[in-house]
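Remarks on the structure that follows.
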Amino acid sequence: MSHFYLQGFHDVDIVKSLQEIAEKNTVFHKADFLIDKQILKKVAESTSLDDKSYIWISKEKGTHCFNERNSFIADTPEYNKFMFYKNQDVLAYSVEIKEMQDNVIKGNIYEIDYLSQCLFRQENCSLLESVTVTFENGNKQVFSSEEYFQNVEQLQQKYGQIKEVHYESKQELQTKRVLETLQQQKETTQRGNIKQYIQRLENKNVNIEKETVSPSLQNIKKPSIKKQLQQNEKKATQKTNQKNNIKKEEVR
């Protein structure tokens with residue numbers, strides 16, 4: 001079996017670490033991370049064990065944060081998000097929330113071998129059985145996947161705002177075994193230093209800035225203000241001399 005993690009970073013500031021990665025790897029739609037922060041805060045405050053492991057993806061155009069368990073159930077939004085980027089250059093991580101210390105979310109981050117995990121999901125994903133929805137008023141309803149995904153707006157009009165969604169797997173035992181296998185691999189994954197890792201990351205923002213400037217202009221330095229004034233003064237003197245020469249010729 002392939003090893004699905006490249007390295008692990010233990011007992012780190014989750015939000016700070018992911019934000020620093022995004023600042024170097026994500027060029028556009030940086031505001032996505034504001035949503036990620038809200039999700040992670042909610043996860044840290046949750047008592048559900050399913051809510052303690054999340055996938056976080058950083059790509060050139062935005063970031064994604066979603067439940068890891070759900071990403072192993074086919075046809076869920078989480079599964080589709082994970083598989084969608086398999087032909088793109090992305091950084092993917094498994095994030096384990098451990099605790100909240102003085103409003104700082106602490107836990108572990110594991111760098112994912114993304115392509116091998118895409119293949120692993122294709123071969124080991126479970127099928128979606130049903131969707132259990134808890135609404136803001138406390139009402140809980142169970143829907144088929146088709147009924148839920150095709151009628152989300154109508155369901156909210158009928159029952160109220162959605163508070164929580166839980167996807168039921170047809171092969172729940174298989175889903176649990178897959179997650180246990182991944183957890184065992186995490187425990188044997190080589191530990192890394194998060195600060196050194198982020199320092200070594202390529203800063204794509206710098207590369208984009210270079211690409212937007214013509215190569216022939218990249219090495220041209222703009223003259224200082226003093227130099228510009230001197231050049232303007234010289235041009236004005238030249239124009240005055242030219243006018244005087246023209247007048248002299250006319251007099252002759």
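The values are calculated or read from the model by the stated rules, or taken from the named source; none is laboratory data. It should be emphasised that the depicted structure is a prediction, and the values quoted were computed from it without experimental measurement. Every residue, glycine among them, receives a Cβ derived from its backbone with ideal geometry; neighbour counts consider all protein chains shown.
Data overview
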{"item": "Residues within segment 58-80 that are touching a helix residue (DSSP H, G or I) at 6+ places or on another chain (Cβ under 6 Å) and part of a helix (DSSP H, G or I), tallied", "result": "6"}
{"item": "Close pairs from segment 17-39: first in contact (Cβ under 8 Å) with a residue 12 or more places away in the chain, partner small (Gly, Ala, Ser), Cβ under 6 Å, at least 6 apart", "result": "21/58; 22/58; 25/58; 26/58; 29/62; 32/62; 33/22"}
{"item": "Qualifying residue in segment 83-94 (condition: closer than 20 Å to residue 37 by Cβ, of a type outside the set (A, V, I, L, M), at pLDDT 95 or above and surrounded by fewer than 19 Cβ atoms within 10 Å (Cβ to Cβ))", "result": "no"}
{"item": "Residue 40, sole failed condition from (1) more than 18 Å from the chain's Cα centre (by Cα); (2) in a helix (DSSP H, G or I)", "result": "(1)"}
{"item": "Condition check for residue 19: among the polar types (S, T, N, Q), part of a helix (DSSP H, G or I) and surrounded by 15 or more Cβ atoms within 10 Å (Cβ to Cβ)", "result": "yes"}
{"item": "Failed criterion for residue 224 (all others in (1) over 30 Å from residue 21 (Cβ atoms); (2) among the polar types (S, T, N, Q); (3) at pLDDT 95 or above hold)", "result": "(3)"}
{"item": "Unmet criterion (only one of (1) part of a helix (DSSP H, G or I); (2) surrounded by fewer than 16 Cβ atoms within 10 Å (Cβ to Cβ)) for residue 47", "result": "(1)"}
